[in-house]
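Working notes, structure below.
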Amino acid sequence: MKIIRIFLIIVFLFITGCNELNNSRQNQLIARVENNYLYMSDIDQINLKFSSVSDSIFKIHNYINTWAKNILLYDKSLLNIKDENKKALDKLLNQYRLDLYNNNYKSSIVKAQIDTLITQNQLNGYYKINSSMFLLKESLYSYRFIGFPKNNIDRNEITKRFIRYSDLDKTFLDSLSFQFSNSFLNDTMWSNKKALLQNASFLTSKDLFNIKKSQIFEVEDTIQVYLFKIEDYLSKNEIAPLSSVENTIRNIVFNQRKLEFLKNFDQEIINDAIQNKKFEIYQ
């Protein structure tokens with residue numbers, strides 16, 4: 001019953017949130033294991049979410065038990081683990097601590113110092129030199145299509161404009177886009193077969209197999225007509241277009257810069273320590 005009363009007091013303090021109770025709330029002692037103490041401020045820091053009073057009692061109780069269990073197990077481990085095992089574990093902990101701090105510091109330095117701007121010329125240059133690295137694992141298509149009602153009074157004009165597709169035609173089609181039941185006119189974008197068939201659901205795999213590059217393909221159903229064109233097509237094992245691998249190249253170039261920076265950074269730390277007599281190697 002004593003535990004329940006403590007939990008109810010805690011819950012009450014959570015719910016009230018009054019400013020005048022804040023300091024006493026933060027200093028509220030919740031539990032003790034030997035010389036280790038758990039305060040209300042420790043509970044606050046873990047941001048427990050409660051759906052009800054009973055839920056808050058359950059979650060706080062579990063947290064206190066877990067906190068106590070970990071301390072009690074640690075105390076027992078200090079008494080029962082062999083000294084040579086303790087030394088091995090301490091070595092691992094020290095190395096982990098070093099790695100954790102060093103990596104965090106290096107990460108902050110990288111963000112602050114490395115120029116993340118990668119120009120289009122740099123992307124083009126890397127792609128040109130290393131194009132053989134970017135062989136396609138599946139076919140890619142660039143395409144466009146529109147769908148509209150069969151009885152559309154502008155059908156002939158829309159078809160003519162879709163086929164010719166000059167800048168003026170693009171503007172014209174854009175102005176009539178409200179008449180289209182479906183459309184995709186971004187023919188500079190590359191898609192694999194699965195994405196294409198999902199987007200152009202009026203097509204089947206057989207339709208796609210029979211379509212030739214630059215051929216206008218027309219599909220009709222009971223109420224709709226679709227105009228479809230494959231602008232370009234690349235087969236498996238051909239070199240991928242730059243637009244489809246730009247993000248990959250951007251990451252490669254950035255990581256190369258990062259590795260070079262960190263290599264120089266590590267050496268500068270060593271050189272600086274030697275110069276300032278902080279680091280010496282004895283013969």
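Quick note: the coordinates plus some simple rules give every number you see, no bench work behind them. Since this is a predicted model, take the numbers as computed values, not measurements. When we count neighbours, we look across all protein chains shown, and the Cβ atoms used for this are built from the backbone with ideal geometry, even at glycine.
Values for this structure:
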read-out	value
Coil-residue GluC sites (Glu not before Pro) of the range 239-283, DSSP, other Cβ within 10 Å capped at 11	Glu280
Anchor Lys150: aspartates and glutamates whose Cα lies under 19 Å away (excluding residues fewer than 8 positions away in-chain)	Asp174, Glu218, Glu220, Asp221
Cross-link reach list, lysines versus Lys82, counting only Cα pairs under 17 Å and skipping chain neighbours closer than eight places	Lys91
Debye log10 I(q)/I(0) at q = 0.13, 0.20, 0.24 Å⁻¹ for the range 136-234, Cα point scatterers	-0.43, -1.01, -1.40
Sequence-separation-based contact order of the chain, relative, with Cα cut under 8 Å and 6+ spacing, percent	19
Those trypsin sites (Lys or Arg not before Pro) in the range 208-249 that DSSP places in a loop and that have at most 13 other beta carbons within 10 Å	Lys212, Lys213, Lys236
Cubic angstrom per residue, convex hull over Cα atoms of the chain	376
Cα-based convex hull volume of the range 19-150 per residue, rounded to whole Å³	435
Rounded tilt (10° steps) of 53-80 against the dominant C-alpha axis of the chain	60
Folded to 0 to 90 degrees: helix 120-129 orientation relative to the chain principal axis, Cα	80
Long pairs among Lys137/Lys206; Lys236/Lys258; Lys137/Lys213, criterion Cα-Cα beyond 23 Å	Lys236/Lys258
Per DSSP, loop trypsin sites (Lys or Arg not before Pro) in the range 91-200 with at most 11 further Cβ within 10 Å	Lys137, Lys150
Helix 83-113 vs. the chain, principal-axis angle (Cα, 0 to 90°, nearest 10)	50
Sorted largest first, extent of the range 212-283 alpha carbons per principal axis (Å)	88, 26, 14
Hits among aspartates and glutamates - C-alpha to C-alpha of Lys69 under 13 Å, sequence gap 8 or more where chains match	Glu34
Cut-off under 5 Å, modelled amide H: who pairs with Glu238 long-range	Leu136
